[in-house]
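Structure, as structure tokens:
The values are calculated or read from the model by the stated rules, or taken from the named source; none is laboratory data. No experiment lies behind these values; they were computed from the predicted model shown. Cβ sites come from the backbone with ideal geometry, for glycine too, and all protein chains shown count toward neighbours. These accessible areas exclude ligands, DNA and RNA; they are computed on the full protein's heavy atoms, side chains included. Shrake-Rupley method; radii C 1.70, N 1.55, O 1.52, S 1.80 Å.
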Protein chains: 2
Amino acid sequence: MTTTSTLTRQACQARDAADPLRGLREHFTLPPGVIYLDGNSLGVLPRAAAGRIADVVTREWGTDLIQSWNSAGWFDLTQRLGDQLAPLIGARAGEVVCTDSTSINLYKVLSAALNIARADAPGRRRIVSERSNFPTDLYIAEGLCKERGLELVLVEPEEIGAALTQEVAVLMLTHVNYRTGAMHDMAAVTAQAHAAGILCVWDLAHSAGAVPVDLHGAGADFAIGCGYKYLNGGPGAPAFVWVHPRHADRFWQPLSGWWGHAAPFQFTPDYQPAPGVARYLCGTQPIISLSALQCGLDVFTAAQSLGSMAALRAKSLALTDLFIALVEERCAGHGLGLATPRDHAQRGSQVCLEKDEGAYAIVQALIARGVVGDFRKGDGGTGRHKDILRFGFTPLYIGFEDVWNAVEHLRQVLEAAEWQRPEFNRQHAVT
Amino acid sequence: MTTTSTLTRQACQARDAADPLRGLREHFTLPPGVIYLDGNSLGVLPRAAAGRIADVVTREWGTDLIQSWNSAGWFDLTQRLGDQLAPLIGARAGEVVCTDSTSINLYKVLSAALNIARADAPGRRRIVSERSNFPTDLYIAEGLCKERGLELVLVEPEEIGAALTQEVAVLMLTHVNYRTGAMHDMAAVTAQAHAAGILCVWDLAHSAGAVPVDLHGAGADFAIGCGYKYLNGGPGAPAFVWVHPRHADRFWQPLSGWWGHAAPFQFTPDYQPAPGVARYLCGTQPIISLSALQCGLDVFTAAQSLGSMAALRAKSLALTDLFIALVEERCAGHGLGLATPRDHAQRGSQVCLEKDEGAYAIVQALIARGVVGDFRKGDGGTGRHKDILRFGFTPLYIGFEDVWNAVEHLRQVLEAAEWQRPEFNRQHAVT
């Protein structure tokens, strides 16, 4: 979709100058000298966060102390943030809470989904998911299956349809794949599952704030997602959980703590779940980290006048199109393959490049030059996937010239075989 | 144990002047004009926290971004804080992690305890606890029992011994009762349970940092506790979990997320639990809130040279003895009763006063005067408990003159019937 005329630095500068979303980057404090293409792992710092958090710490905690549960609105922060997030994922006010971690929220909704699906059809004993789903999702499902004597069936993306048999209770998918950036058609897959009597749980970790999501439009059943990636909520920010109103009041979720009680401050010895999604709360939440998440969500609220997710999506696709085109033109002949779908309808907000050898070292060499992406291992077990260089493009703060510069660094790293230096070939933990 | 000569303001001032722990209050930013007797609900702000959190936000997150998982030690923060906390509860390095909420950690250890107890004796189908245990503990146990077809049996404290039958798998108790401040003899109760083939899960929410705890000495099996009360970790601070090494490698806990995996960054599709307590981790943790908890723990580390928990305990008992003596001498004739045991061996670090009428309003009147305690309802259902005025005494930052002043305010509120004013009789949410 790109033409030669766009593939110059000057053309990229012109696109930045004409970009109506360009001003949004002023909402963030970007690290100096860095092109940050890792917002899909940890989003950047909203400019308002330092001041907001200082106020939470020194005034709300330090001075007002316990009364801040009321006066500073700590009590309903999980629900207020949920309401603020809801429009980004096609949910309505009162249907979302920001709380706990993605893994824990998945445990809650997967438990509830199994209870609902199996109440009507106890013979349905399977959860189906993708083998390349983010591992913690698979671990949580594996744990639940082990505990309840059920079966987790893992398939490749193209095998999902055939796996939706009458043995299946729940289909659990991540909307945008963390490794490849490939995106499912949520409405089509959900309809296919529902036609087979199967409930759908969607993980929106790489979707919320990155691509338009319409949970109601898709008829989805349950969704969970992450606060610290595209929502820019800070390291380990609390996650979120959405439950369709048709399911919200059915069954307890098993983590039945006092914050999910209908009247937590009555201190009754027996549990009565709150109506709606509030029963998906459990214990007291980390207020300082929740307050940082609010600063991330505030940027999306501020962006609403600019067209919000539709405008962000258009820019995201323009950025990823540009990156693909530039890599293919300027980095040809170095064995890079494209792991991310070219089809817009199947692409999230990241581009992943495959390479047989040196992917880790190339990422390290780029980081040394201030271009921050990340590395994901191929799954050696099946040999199905090569090692991956992963680049996230967050339209809130990444511009077209950033893309040009990133590819130019990649070109130089490859041309000069810079990545073969020993210092770029020492492995350590990565996220 | 107090004599008349100690019951003057001047005597209290003299005790403060002679107190070797007096300097510890300099580690905190205390709210001006306030006597804060609610550290058992939300601890105060450590002086170092504002600077530390600002550094985490602006440098570790804002500038260093994703590399802080390695360079700032975010990855192993849950375990480093666990090691720092361990000496306060009689645990060893490598046995504790700081993570998630108290409720969620209870779900993990209660699940594991049930699995272990019932592996050898599947006929044991009961969890025993106290009816006046903190409600979220009961809710979590109720949820687990419902899910697994087990039975939760609630008894009064004096009935625990008789309830420890061969039908019981797990005894789940809170060490110091949140309502009354009554403390169990952990070693004796654990021994009694073990003699009956029953495992013990201890909630240390009102113990850690408040009273000496010796989990190994007591032979306890599992423990969990709270970061935001006596540990001064900030609002909703992550909680902690301890597992005795004899149990740690047996069974998965059901929240089998990637942070509890033996090799989380191998991204394998199947779950392999980490050895030891690390398998009690689940998802990514809120780093900013965890960093605040570290500031709270740092004060205990700094206090170690002063004798640590034994010295803090001696001062705590002196403070609560003084409060009881002053209330009984100076507030007599107003219908206040003592809900907290006089016996030191049975008392936590709080004093609770019972009253037939007006407890809520008296607490409100005291708060208006800058004396912050809190109110807990009696359980009207059984008629067993009256409404309670609850006062926590944190020896890290409360002094003897503070106690004198607090009781003097209470005396004035009662003498002038100040609490009967309408503005102190409007009910709202309390924590």
For segment A:162-308, just say rounded, prolate or oblate: build the C-alpha gyration tensor, square-root its eigenvalues into a ≥ b ≥ c, call rounded for a/c under 1.5, and beyond that prolate if a/b exceeds b/c, oblate if not.
oblate
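Relative to the Cα centre, what is the charge dipole magnitude of segment A:56-157, using +1 at the beta carbon of each Lys and Arg, -1 at the beta carbon of each Asp and Glu, and rounding to the nearest 20 debye? Spell out each step's value before the answer.
On the way: 11 positive and 13 negative charges, 68 e Å.
The calculated dipole for segment A:56-157 is roughly 320 debye.
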Packing-wise, with mean Cβ within 10 Å as the measure, how do A:396-407, A:156-167 rank, highest first?
A:396-407, A:156-167
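Enter the accessible area per residue of chain B (Å², integer; probe 1.4 Å; all protein chains in place). Spell out each step's value before the answer.
On the way: 14010 Å² over 431 residues.
On a per-residue basis, 33 Å².
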Trypsin sites (Lys or Arg not before Pro), restricted to segment A:322-355: which are DSSP loop and have at most 15 other Cβ atoms within 10 Å?
A:ARG342
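First obtain the Kirkwood hydrodynamic radius of the protein assembly as shown from its Cα pairs, then insert it into the Stokes-Einstein equation at 4 °C and 1.567 mPa s, and state the resulting D in µm² per second as a whole number. All intermediate terms of the calculation are to be shown ahead of the outcome.
Values: Rh = 28.3 Å.
Rounded to a whole number, D works out at 46 µm²/s.
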Partner chain Cβ atoms within 10 Å, averaged over the residues of A:65-74 - can you pull that number for me?
5
For A:GLN412, place a label point 7 Å out from Cα along the Cα→Cβ vector, do the same in each other copy, and report the separations in nm, one decimal, smallest first.
7.1
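At a 1.4 Å probe radius, carbon and sulfur cover how many percent of the accessible area of the protein assembly as shown? Present the calculation step by step, with values, prior to reporting the outcome.
Numbers: 14380 of 27990 Å².
That fraction is 51 percent.
So what is the calculated 222 nm ellipticity per residue for the protein assembly as shown, using -39500 (n - 2.57) for each DSSP H run with n of 4 or more, over all residues, to the nearest 500 deg cm²/dmol? Spell out each step's value before the answer.
Details: 28 runs with 302 residues, N = 862.
The per-residue figure over the protein assembly as shown is -10500 deg cm²/dmol.
Report the antiparallel proportion of the DSSP beta bridges in the protein assembly as shown as a percent, rounded to a multiple of 5. Don't skip to the end; give the middle numbers.
Numbers: 46 of 84 bridges.
Counting only bridges with both partners in the protein assembly as shown, antiparallel ones make up about 55 percent.
Taking the DSSP beta bridges in chain A as the whole, what percent of them are antiparallel, to the nearest 5? Write out the running numbers ahead of the final one.
On the way: 23 of 42 bridges.
In chain A, DSSP labels about 55 percent of beta bridges as antiparallel.
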If you line up the long axis of helix B:102-120 against the longest principal axis of chain B, both from Cα atoms, how many degrees apart are they, to the nearest 10?
50
Can you tell me the order of B:235-241, B:21-27, B:107-113, A:279-285 when each peptide is scored by its average per-residue count of other Cβ atoms within 10 angstrom, highest first?
B:235-241, A:279-285, B:107-113, B:21-27
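Evaluate peptide B:29-41: per residue, the Cβ atoms of other protein chains within 10 Å of its Cβ; return the mean as an integer. Let's see the in-between values first.
Values: counts 5, 3, 6, 1, 0, 3, 0, 2, 0, 3, 2, 0, 3.
For peptide B:29-41, the averaged partner shielding equals 2.
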Max mean-square fluctuation residue, GNM over chain A, Cα-Cα springs under 10 Å, options A:ARG80, A:ARG59, A:ARG92
A:ARG59
Just to confirm the numbers: B:ASP16, label point 7 angstrom along the Cα-Cβ line, distances to the other copies in nm, shortest first?
5.9
Pairs of Cα atoms farther than 27 Å apart, segment A:278-431, %
36
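Tell me, what is a quarter of the convex hull surface for the C-alpha atoms of segment B:112-164, in nm² with one decimal?
Computed as one quarter of the Cα hull surface, the answer is 3.7 nm².
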Where a ≥ b ≥ c are the square roots of the eigenvalues of the C-alpha gyration tensor, would you call segment B:239-288 rounded, which needs a/c under 1.5, or, failing that, prolate if a/b is larger than b/c, or oblate?
oblate
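Give me the percent of DSSP beta bridges within segment B:161-317 that run antiparallel, rounded to the nearest 5. All intermediate terms of the calculation are to be shown ahead of the outcome.
Details: 6 of 14 bridges.
Looking only at bridges with both residues in segment B:161-317, the antiparallel portion is about 45 percent.
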Work out the length of the dipole vector of segment A:321-431 about its Cα centre, built from +1 on the beta-carbon of each Lys and Arg and -1 on the beta-carbon of each Asp and Glu, and round it to the nearest 20 debye.
320
Say a label goes 7 Å from Cα toward Cβ at B:ARG342 in every copy; what distances in nm does this one have to the rest, shortest first?
8.8
Residues in segment A:221-243 occluded by at least 10 Å² - accessible area, probe radius 1.4 Å, against chain by itself
A:TYR228, A:GLY234, A:PRO235, A:GLY236
Angle in degrees between helix B:287-303 and the longest Cα principal axis of chain B, rounded to the nearest 10:
60
Please average, across the residues of A:267-275, the number of beta carbons from any other chain that are within 10 Å of each residue's own beta carbon, and give a whole number.
6
Projected convex hull area of segment A:90-210, Cα atoms, direction-averaged, in nm², equals 7.5
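Classify chain A from the C-alpha gyration tensor, please: rounded if a/c falls under 1.5, else prolate or oblate depending on whether a/b exceeds b/c. Could the numbers behind the result be given before it?
Numbers: a/c = 1.92, a/b = 1.32, b/c = 1.45.
Note, shape of chain A comes out oblate.
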Using protein heavy atoms only (no ligands, DNA or RNA), what is the total accessible area buried between B and A, 1.4 Å probe, nearest 100 Å²?
6600
Please report the spacing between the Cα centers of segment B:27-66 and segment A:207-248 in Å, no decimals.
30
Distance check, please: which entries in A:LYS146/A:LYS355; A:LYS229/B:LYS229; A:LYS229/B:LYS108; B:LYS229/B:LYS386; A:LYS146/A:LYS377; B:LYS108/B:LYS355 exceed 29 angstrom between their Cα atoms?
A:LYS146/A:LYS355; A:LYS229/B:LYS229; B:LYS108/B:LYS355
Just how large is the dipole of chain A about the Cα centre, in debye to the nearest 20, putting +1 at every Lys and Arg Cβ and -1 at every Asp and Glu Cβ?
140
Max mean-square fluctuation residue, GNM over chain A, Cα-Cα springs under 10 Å, options A:THR99, A:THR58, A:THR29:
A:THR58
